[in-house]
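These notes concern the structure reproduced below.
The values are calculated or read from the model by the stated rules, or taken from the named source; none is laboratory data. Treat the numbers as computed from the prediction; the structure is a model and nothing was measured. We place every Cβ from the backbone using ideal geometry, glycine too, and count neighbours over all the protein chains shown.
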C-alpha cells in the first residue's frame, strides 16, 4: 500500500476581496496615486497630494481626514466620501506581566468563510528597543511540526497594506506618533524616542511565499519620509524558500533570519518539511551568497531548543561546522509549548551547555528570553483560542480590547 506524504505546502483557501470603502492606511505611494486618480485628482497634482497624504498617514498617524490641515477642504471631503483611514479591528489585546503585548487583528473585506480573517501581531519591549513581530499570512503555507501556526489552514496571503497596518496599529496603541501620549505599563523601553524601533517578519506565515506584498510593506516601513525604520532594524525570517532569498537581498535589503532548527536533513525533514524541497546544503549556499552579507550584516540562524530532539552537544558542534564561513549569529530559542504539541523545551542547563559550544567557536549565541508565556504567546495560539468562542463571546472580547 502506498502512503501519501503530507504536502510540504498548503494551497490558499480564499483570496482577498477589498471592502466597498477601502482605507488609505497601509497603501504604497503608487497605490495612493492610483486611488487619487479614481476620485478625479489631476495627474499633475498627484505627486504633491501623495506626499501630503504620506506625511499625515505615516509620520503623523492620522486617523481622520479632517486633521490633515495641509490638504484642501475640498479634497478632504472627497477623500472622506470615497475612502477611510481605518485600521483593521483589534479583536483582543493582551498585556503580559513582562510588558509583551499581543493583538488579535480582524481584517476587513468580504470572504467566503464563516469567520472573519484574523492574524496576530506581538510587541516585545526591551530597555533599549521595542520589537514588533508582524504576520504575512492568515495561517501559514508550511507545516513545521513544532510551530502552532503550522497546524492552521492557509486561508490567504495578506496584502501589503494589511502588513503595514499592523505597524500602524501598534504605534496607535502605544502612542508612538508625534504629539501622542505614550502608553504606560510594565517593560516598555526607557531609551530612545520611539517604542516601535525594530520589525521582525516572524509572525504568522512564511514571508517569502508572499514575496511582493512583504517587499512592498517593508519598503513602506523603510521610507525616510514616513515610518523611517532602518533596514538594519528590520529582519525577515524564512523557513528556507531558497529561490526567493537572493530576491529578498536585492529587492528588500533587510537583515535575514533562517529558521534552521536542525543540523541533519532527516531531522529537519520532520521539523521543517520544506527541507525535503530545499535541503540544508542548498539553504546554506543561498545564505553564503546573500546580497550584502558581511560581519556588519550577519545572518541570524534561529534554533528552537527541543528536549532530546536537537539539543545534544554533538549537534551543537555540527551546527558550528555547518555555518563555517557564513557571517552569522545563532539565536537559541527555548521552545514555547502549546496545547497538543509533542515537544518539550530543553532543560535550561542543556541550553546553556549548547550555547557554550557555539560561543566558544566564535559565534554570538544569545538565548532568547521567553516572553509573554502568560498571554498565549506561542504564535497563532490566541487566534486558535478565539476561534473556539461563540459570536457573542467574540463581540464582548472586541469591546474589551477597544475600551482598555
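Observations, loosely collected:
- Residue under evaluation residue 247, criteria (1) crowded, with 19+ Cβ neighbours inside 10 Å; (2) closer than 21 Å to residue 12 by Cβ, criterion not met: (1)
- Helices (runs of 4 or more DSSP H) fully within the stretch 272-383 counting 2 or more residues that are more than 25 Å from residue 9 (Cα to Cα) and assigned by TED's automatic domain parsing to the domain that holds residue 124: 313-322, 348-360
- For the stretch 127-139, the set of residues classified as at pLDDT 95 or above and assigned to a loop (DSSP other than H, G, I, E, B) consists of 134, 135, 136, listed by residue number.
- Just one of the listed residues (249, 203, 226) is under 19 Å from residue 143 (Cβ atoms) and either not in a strand (DSSP E or B) or not assigned by TED's automatic domain parsing to the domain that holds residue 126 (or both), and it is 203.
- The stretch 256-277: number of residues that are touching a helix residue (DSSP H, G or I) at 6+ places or on another chain (Cβ under 7 Å), surrounded by fewer than 21 Cβ atoms within 10 Å (Cβ to Cβ) and in contact (Cβ under 8 Å) with a residue 24 or more places away in the chain: 1
- Test: residue in the stretch 72-84 that is surrounded by 13 or more Cβ atoms within 10 Å (Cβ to Cβ), without any contact (Cβ under 8 Å) to a residue 24 or more places away in the chain and farther than 23 Å from residue 221 by Cβ: yes
- Considering 183, 213, the condition of being within 14 Å of the chain's Cα centre (by Cα), outside any strand (DSSP E or B) and in contact (Cβ under 8 Å) with a residue 12 or more places away in the chain is satisfied by 213 alone.
- Of all residues in the stretch 145-173, those satisfying the criterion of being at pLDDT 95 or above and part of a loop (DSSP other than H, G, I, E, B) are 158, 159.
- Residue check, residue 396 part of a loop (DSSP other than H, G, I, E, B) and modelled with pLDDT under 85: no
- Test: residue in the stretch 89-102 that is touching a residue at least 24 places away in the same chain (Cβ under 8 Å), surrounded by 12 or more Cβ atoms within 10 Å (Cβ to Cβ), under 30 Å from the mean Cα position of the chain (by Cα) and under 18 Å from residue 26 (Cα atoms): yes
- Residue within the stretch 109-126 that is more than 29 Å from residue 190 (Cβ to Cβ), touching a helix residue (DSSP H, G or I) at 6+ places or on another chain (Cβ under 6 Å) and assigned to a loop (DSSP other than H, G, I, E, B) present: no
- Qualifying residue in the stretch 176-184 (condition: in contact with a strand residue (DSSP E or B) (Cβ under 7 Å, 6 or more places away or on another chain), at pLDDT below 95 and closer than 23 Å to residue 372 by Cβ): no
- Top-ranked residue in the stretch 15-58 [being surrounded by fewer than 18 Cβ atoms within 10 Å (Cβ to Cβ) and assigned to a loop (DSSP other than H, G, I, E, B); ranked as nearest to the chain's Cα centre (by Cα)]: 15
- Matching entry among 371, 298 (being at pLDDT 95 or above, surrounded by 14 or more Cβ atoms within 10 Å (Cβ to Cβ) and farther than 23 Å from residue 264 by Cβ): 298
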